[in-house]
1. Hey, can you list the DSSP H helices of chain B whose Cα span along the axis is 18 Å or longer and whose average Kyte-Doolittle score is at least -0.5?
2. In cubic angstrom, how much convex hull volume per residue do the alpha carbon atoms of the stretch B:181-234 span?
3. Would you calculate the convex hull of the Cα atoms in chain B and tell me its volume per residue in Å³?
4. Given H placed on each backbone N at 1.01 Å, which residues far from A:MET167 in sequence or on other chains put an amide H within less than 5 Å of it?
5. Select from B:PRO62, B:PRO73, B:PRO265 the residue whose mean-square fluctuation is largest in a Gaussian network model of chain B (Cα-Cα springs shorter than 10 Å).
6. Each residue of the stretch B:107-119 in order: what ³J(HN,Hα) in whole Hz does its phi give by Karplus 6.51 cos²θ - 1.76 cosθ + 1.60, θ = phi - 60°, with x for Gly and Pro?
7. Can you list, largest first and rounded to whole Å, the semi-axes you get for the stretch A:52-142 by taking the square root of 5 times each eigenvalue of its Cα gyration tensor?
8. For the stretch B:168-277, take the alpha-carbon Rg, divide it by the Kirkwood Rh, and send me Rg/Rh.
Amino acid sequence: MQWKLLDYIPFLINGVPWTLALVCFGLAMGFSIGLPLSVIDTFGSKRVARVIGAYVWFFRGTPLLVLLSLLYWGVLPSLGIKASPFLASVLALGLRSSAYQSQIFRSAFLSIESGQLLAARSIGMSDSQALINVLIPQALRIALPSWSNEYAVMLKDSSICFALGVMEILTRAKYVSTATGLALFPFLIAGILYLVLTQVGVGIAELVHRRFRIPGTVGVSNC
Amino acid sequence: MVGRYLGVLLLGLVIGLALGYALTGSQARSQDGCLYKPGKFAYPPEEGKEVVIVYGFDANYPPFTLMQPNGTPVGFDVDVMNLIARKYGWKIVYKPWDWSTIVTALENGDIDVIASGMTFNAPRSQKIWFSVPYYSYVHQLVVLREDGRSLDEILNSGEYVAVQIGSTADEWADRLLKAGYNFKKLGLDSYVAALQALLDGRASAFITDSAFLGPYLKRNPQVEAKVRVAGELGAPNVYAIATRPQDKWLRDRINEALEELMDSPVWNELLRKWGLD
């Protein structure tokens, strides 16, 4: 039996939902952990900030494949958790992204003028009210361009999950390459799919940014 | 600074403890008087209970295991596993897995069998147990047709020799390098990629096995016209189906079915179908 590359196009495209699921869950997990971490890192005590610094240092400095293997073959089984390859992949992507996202949001918090917190306090807001109503809404908007970059990075990084047999785009391209005996074209198609997904995702983030940006505040100097 | 180092230390401790627990846990399992604890398929299943076998394979090894456009696997080994399953009425769940971690996946219980052109050898037998062998092959050194050098000349040329990482061909390259041969190993992620490296001129030779090369050249005559086998390496090896050591019942059933299948005309049809005759 010998199939042509064209026969495999739907098979390759069927990898897109897997890749998107990895990225969406990974980004969501990264956001859920990264945002609280950034708040504690920026506004919490120095001691806690140092622990978060160590967390960020570890997850930013470890190659994704090492993290994936560590979770799937070591940490999760030793805790008695029988995670599927997909879940382990999401955990690895999410934990790593949380370290990056915490720094994205931290820089956004730091870019907000400190006077705003004082102003919020002066009108009777508590610190947590100021955080939820004044600082976080602004930080999310300021962070959006960098956050969309995190999407683009994770999209491509998700291809490493082939190591656990997750049927995402690159895993499929590899199988197609073997089945058709073509070394270049399956990967070229995979590359085009990644390009399109990156463009669409970044485009959506750009639209959201345009809709929600705060005119005149982002990047404004103190002059 | 102190807090940062404490944090790192804490993380290291947590990971170390987790890994330590995993390692000592697995040791404890084998020290309770038996060589192995009863596995998932150590004994016959309860009457009337459906047997579901998770079949692990690397879909990068034609003609033994490869993917169809509809996303289901095909190949010689897939046909063999399907015939075994049909004989006993088992349900097969296909699980593609990366070759480099497939043995660990079997040990961990992610998959129940490996039938994917897996060579039966001593190092692997320490971890996983094999069925009766069902196919034999030999390792070959392949070069471009216009390259008239002998096997020794190529292996002492200092040039690149392509192999699939983690394969028995890779083990052969290491063995030759250890024996003092002078070449550079080019490790790639599949036999197809390694052969492509030879055709592109990125490598001067390619170590493969006859089980891959023969059927591949039959399907790709344009490639066959460009390459030649410069020589064979070592004695023939065999493929077998791998199971966890403790899954004796499953292995016995596989052996029974394999022997029956190999003694029937269906076996020759299968070999012919996949170009392995």
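1. Working: long enough: B:2-29 (40 Å, 1.21); B:76-88 (19 Å, 0.23); B:248-262 (21 Å, -0.78).
Span-like helices, by this rule, are B:2-29, B:76-88.
2. Working: hull volume 5.0 nm³, N = 54.
Per-residue hull volume (Cα only) is 93 Å³.
3. Values: hull volume 56.2 nm³, N = 277.
Hull volume over Cα atoms, normalised by residue count, gives 203 Å³.
4. Amide H to amide H, under 5 Å and 5 or more residues apart or across chains, A:MET167 pairs with nothing.
5. B:PRO265
6. The phi angles translate into 4, 6, x, 5, 9, 9, 9, 10, 10, 7, x, 9, 6 Hz.
7. On the way: eigenvalues 274, 37, 21 Å².
Taking √(5λ) for each Cα gyration eigenvalue gives 37, 14, 10 Å.
8. Values: Rg = 17.6 Å, Rh = 16.8 Å.
My calculation of the ratio gives 1.05.
Values in this text are rule-based calculations from the coordinates and carry no lab data. Here the structure is a predicted model, which is why all the values come from computation and not from measurement. Using ideal geometry, Cβ is built from the backbone for each residue, glycine included, and neighbour counts are taken over all protein chains shown.
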